[in-house]
Amino acid sequence: MIPAQRQKYNQQFTEKKYKNFITELESGFLEIPFRVAETPIFVPKALKEKLIAAGEEIISLIKQPNFKELTEKAIPKDWKVPNENKQPHFLTFDFGICKDETGQLVPMLIEMQGFPSLYGFQVHLANTFRKCFDIDGSTSHFLNGYDEEKYINLFREVIIGKHQPHEVAIMDVDATNQKTAIDFFVTQKMLGIKILALEDIKKIGKQLFYEEDGRKIQLKRIYNRLIFDEVAENADVFKQSFDPREELDIEWVTHPNWFYRISKYTMPFLNSKFVPETRFLNQVESIPKDLENYVLKPLFSFAGMGVIIDVSGADISNITDPENWILQRKVIYQPVVQSPDGGVKAEIRMMYLWPDDGEPQLCTNLGRLSRGKMIGVRYNADFDWVGGTIGFMEK
């Protein structure tokens, strides 16, 4: 998208360099189980400014005094966690890169989360791209005036708060074997915090502890990477550790309720040129005549599961819980990233950190490249120049 950068990159790219890049990326950590793309995304200034503007419009809704009231029904009754704080610590907005009627690049919102993304790994990924592919300093993976030192300081403030690193842990069900485990290890190296599986944590009274060298150490803050819906069918997992729905003496980063509040559930409340028309299915009075231009999405699903791309009237009729679905106008991705053998579609995730008692800060980004019907891994299994990446934004 920045022609000079793209031309320079593609001319010097070789498969050998790419293999060396992956080796460097994994060095000192572990094998990465997800696909890392062959290229970063070079984002021109005009598109960067639209991405920033789109994010600001969404944040203005989230900061409305009645936002919690608007999104109260988003939280499943069986998974509501007590002691919710007043704000999420993370905001991530996924935008498909499209073209408007004048042919200009424009971002369109695909998904949003009040849940952490690869906040550690993206820094490591950007640095490794620069090292292995000789990318010059006219672009940056940081935004809003951030550099690496300033970013890590804010990241530390958000994750650790007023505590000591050993009192804070990244938590997931089986943390070190998750697909995104490399992010956990990069974050541990960056901040000095623990990585704990759910079963490593034990409850005594209302307090949580883990063991190290035979000593019990109280856990005071959890960097939560566990999506509770993913263990809903095996709630016994909590019996071996603790149930997050109990009253506990613990701080959450971010509180689990924000995962539901800031999600596909929020999109029907947004009115922006950067947001496709989105309605709760139970509020659709008549089925659009051009149904081929819409996509049907379950509110509570992950990684594209359950999404119906080619919607029929029968699909809509068969849904028994329309309050848990949205009907959304399709976003037409443009193949804007030039690979050696054609264009590739791109999605950019704008990533914010929101410190306690502070304001949301746009810091960095994540990119994903696709040649399939959708962005996800299962739609791109047989392609190259696809997968996770980083956006280098024109300064």
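Bear in mind these aren't lab numbers, they're just calculated from the coordinates by the rules spelled out. None of the values given here were measured: they were computed from a predicted structure. Positions of Cβ are generated from backbone atoms using ideal geometry, with glycine treated the same way; all protein chains shown enter the neighbour counts.
Things worth noting here:
- Stokes-Einstein diffusion for the stretch 27-80, with the hydrodynamic radius set to the Kirkwood value over Cα pairs and evaluated at 25 °C in a medium of 0.890 mPa s, equals 156 µm²/s.
- Cα gyration tensor shape of the chain, rounded if a/c is under 1.5, else prolate or oblate by comparing a/b with b/c: oblate
- The stretch 150-202 shape via C-alpha gyration tensor axes, a/c threshold 1.5: oblate
- Mean separation of Cα contacts under 8 Å, 6 or more apart, over the residue count of the stretch 115-197: relative contact order %: 36 percent
- The chain: most fluctuating residue of THR139, THR320, THR176 per GNM, C-alpha cutoff 10 Å: THR320
- Set LYS162/LYS264; LYS16/LYS345; LYS17/LYS194; LYS206/LYS264; LYS206/LYS239; LYS73/LYS239 screened for pairs whose C-alpha atoms are more than 22 Å apart: LYS162/LYS264; LYS16/LYS345; LYS17/LYS194; LYS206/LYS264; LYS73/LYS239
- Relative pair counts by distance (%), Cα atoms of the stretch 337-378, 5 Å bins: 6, 19, 18, 17, 12, 11, 8, 7, 2, 1
- Spherically averaged projected area in nm², based on the convex hull that wraps the Cα atoms of the stretch 250-381: 11.2 nm²
- Peptides ranked, highest mean first, by Cβ atoms within 10 Å: ranges 335-344, 307-316: 335-344, 307-316
- A compact globular protein would have a Cα radius of gyration near 2.2 N^0.38 Å; the ratio found for the stretch 264-316 is 1.15.
- Rounded Å value of the spacing that divides the Cα centres of the stretch 177-228 and the stretch 249-284: 27 Å
- Kirkwood hydrodynamic radius (C-alpha pairs) into Stokes-Einstein, the stretch 47-152, 10 °C and 1.306 mPa s, D in µm²/s: 94 µm²/s
- Only beta bridges with both residues in the chain are counted; by DSSP, about 75 percent of them are antiparallel.
- Of the DSSP H helices in the chain, those with a Cα length along their own long axis of 24 Å or more and a mean Kyte-Doolittle hydropathy reaching -0.5 comprise 45-62.
- Highest-fluctuation residue, ASN83, ASN177, ASN318 considered, GNM on the chain with Cα pairs under 10 Å: ASN318
- About the centre of its Cα atoms, the chain shows a dipole size close to 620 debye [charges on the beta carbon of Lys, Arg (+1) and Asp, Glu (-1) only; nearest 20 debye].
- Assigned charges on the beta-carbon of Lys, Arg, Asp, Glu; the stretch 304-372 dipole about Cα centre (debye): 460 debye
- Rounded if a/c under 1.5, otherwise prolate or oblate - the stretch 106-159, Cα gyration tensor axes: oblate
- Burial order of peptide ranges 116-125, 142-151 (average beta-carbon count within 10 Å, highest first): 116-125, 142-151
- Straight-distance crosslink candidates among aspartates and glutamates, where the alpha carbon sits under 20 Å from LYS86 and sequence neighbours closer than 8 are dropped: GLU56, GLU57, GLU69, GLU72, GLU157, GLU246, GLU247, ASP249, GLU251, ASP356, ASP357, GLU359
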